[in-house]
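What follows is calculated from the coordinates using simple rules that are stated; it is not laboratory data. Note that this is a predicted model, so its numbers are computed, not measured. In this analysis, Cβ positions are derived from the backbone assuming ideal geometry, glycine residues included, and neighbour counts consider all displayed protein chains.
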Amino acid sequence: MEGRRPGRGPDQRDIPWSLVAFGVVAFYLVLFVLLNRDDVDISFVFFSAEISELVLILLCLGIGFAAGYLFDNWRRRRRPSET
């Protein structure tokens with residue numbers, strides 16, 4: 001009887017919420033990939049290309065993260081040191 005929670009039968013178990021959350025996120029990612037497979041035309045000032053929407057989204061995310069990183073470093077260098 002030790003180690004068992006009161007009020008639970010032998011066939012009732014805890015729900016593995018981390019596994020459920022992983023399954024929901026995996027399902028969402030699969031849907032995201034499947035729904036963004038269409039090709040789109042994009043113009044890069046000097047040339048244009050036809051790429052997948054998913055690649056375009058990932059490219060924009062990468063550019064955004066890089067710009068944020070560079071801006072943060074620039075802002076830190078401009079801040080006067082407090083000594």
Cα-projected label distance for SER43 with LEU19, points at 7 Å along beta-carbon direction, nm | 5.3 nm
Unit Cα scatterers, Debye sum, segment 28-78: log10 I(q)/I(0) for q = 0.19, 0.24 Å⁻¹ | -0.74, -0.89
